[in-house]
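Working notes, beginning with the structure itself.
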Amino acid sequence: MTLEASSLWLLKRVTGIQVHWLYQLGANTPHGGQSRGMPADARHHQFIDVAGFDGLPEEHARAIAGHTGRSPRRLLREGGRIHALESNGRIVSQLNVQFGEFDVSTPIPLRFCLPSDAFFVSFLYTPPAERGHGYAQILLRHACEALFQEGYGRAFCHVRSTNLASRQAFRRAGWRPAGGIVSSLSGRLVGTPGVGRGLGISPVSASSGDA
Ligand SMILES: CC(C)(COP(=O)(O)OP(=O)(O)OC[C@H]1O[C@@H](n2cnc3c(N)ncnc32)[C@H](O)[C@@H]1OP(=O)(O)O)[C@@H](O)C(=O)NCCC(=O)NCCS
């Protein structure tokens with residue numbers, strides 16, 4: 001365990017709280033990240049509706065559906081999107097995108113309310129056998145670039161403080177911390193230090209989504 005990871009573990013044990021970092025990326029932010037380049041055989045897919053998702057080969061649809069946290073068709077019907085990176089005929093990384101107002105279930109049931117120019121990335125996932133090749137950071141780059149091209153100005157996500165691989169993938173893709181979400185282990189929202197106005201994060205009693 002690194003010093004940072006062990007300090008966070010100790011903090012959690014002593015205080016009974018957990019921390020998620022809120023990360024953000026701006027469309028006009030000069031990219032500080034240094035993600036790896038797209039492999040020659042890799043291809044970025046964006047699914048914006050059920051018809052597009054239904055056009056996938058069965059094994060790809062099944063692989064993606066196992067890690068969207070909810071039915072991919074429901075997510076798409078509700079206006080969300082799914083991005084995936086395919087390499088050598090396999091789905092090697094994927095993520096969900098949501099807009100506007102939606103609920104998440106981690107770290108506790110929370111309602112996010114995004115500004116109209118923003119989108120939220122969640123369920124970033126790379127299958128264990130594909131990890132460490134830079135696929136998550138490459139997908140993050142391509143997914144965000146596609147959305148920025150459409151006119152969106154800002155991207156947000158939240159990552160558990162102890163999830164070092166995920167934090168590194170976001171950082172490599174140019175994302176930077178923009179506040180924190182502190183919650184108690186008993187499921188109470190303690191605070192959202194550093195989170196700017198314009199982004200609403202409030203507790204809900206029951207969740208209709210996941211992150
Ligand atoms: C997080 C996850 C998506 C990363 O996928 P990936 O394709 O392996 O990510 P990348 O290779 O693009 O980047 C991971 C980075 O973290 C680094 N890393 C991996 N494990 C690490 C660890 N324990 N400590 C520090 N850094 C670590 C890698 O070396 C790499 O950094 P580098 O490019 O500087 O070498 C993958 O581990 C995963 O699916 N985890 C389970 C689901 C999850 O936690 N999702 C995130 C929810 S916010």
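A few notes on this one:
- Some residue of region 37-46 being more than 17 Å from the chain's Cα centre (by Cα), in a helix (DSSP H, G or I) and basic (Lys, Arg): no
- Picking from residues in region 172-196 that are surrounded by fewer than 18 Cβ atoms within 10 Å (Cβ to Cβ) and among the charged types (D, E, K, R), the one that is farthest from residue 136 (Cα to Cα) is 188.
- Taken as a whole, the condition of being under 17 Å from residue 122 (Cβ atoms), away from the ligand (no atom under 15 Å from the Cβ) and touching a residue at least 60 places away in the same chain (Cβ under 8 Å) applies to residue 102.
- Members of region 155-200 found to be away from the ligand (no atom under 16 Å from the Cβ) and assigned to a strand (DSSP E or B), listed by number: 182, 184, 189, 190, 191, 200
- Selection from region 123-154 of residues that are touching a strand residue (DSSP E or B) at 6+ places or on another chain (Cβ under 7 Å), near the ligand (Cβ under 7 Å from one of its atoms) and small (Gly, Ala, Ser): 136
- Selected residue (only one of 200, 187, 194, 174 is touching a His at 6+ places or on another chain (Cβ under 6 Å) and touching a residue at least 12 places away in the same chain (Cβ under 8 Å)): 174
- Selected residue (criterion: nearest to the ligand (Cβ to nearest atom)) from residues of region 111-122 that are farther than 16 Å from residue 29 by Cβ and under 15 Å from the mean Cα position of the chain (by Cα): 122
- Residue that is closer than 24 Å to residue 66 by Cβ and crowded, with 22+ Cβ neighbours inside 10 Å, where the choices are 126, 106: 126
- Meets criteria (more than 17 Å from residue 130 (Cα to Cα) and not hydroxyl-bearing (Ser, Thr, Tyr)) for residue 48: yes
- Subset of region 155-193 that is touching a strand residue (DSSP E or B) at 6+ places or on another chain (Cβ under 7 Å) and of a type in the set (Lys, Arg) - its residue that is nearest to residue 28 (Cα to Cα): 176
- When region 165-201 is filtered for residues that are aliphatic (A, V, I, L, M), under 14 Å from the mean Cα position of the chain (by Cα) and more than 26 Å from residue 79 (Cα to Cα), only 165 remains.
A short reminder: the numbers here are calculations on the coordinates, not readings from a lab. Quantities reported herein were computed from a predicted structural model and do not represent experimental measurements. With ideal geometry, Cβ positions are generated from the backbone for all residues, glycine too; neighbour counts draw on all protein chains shown.
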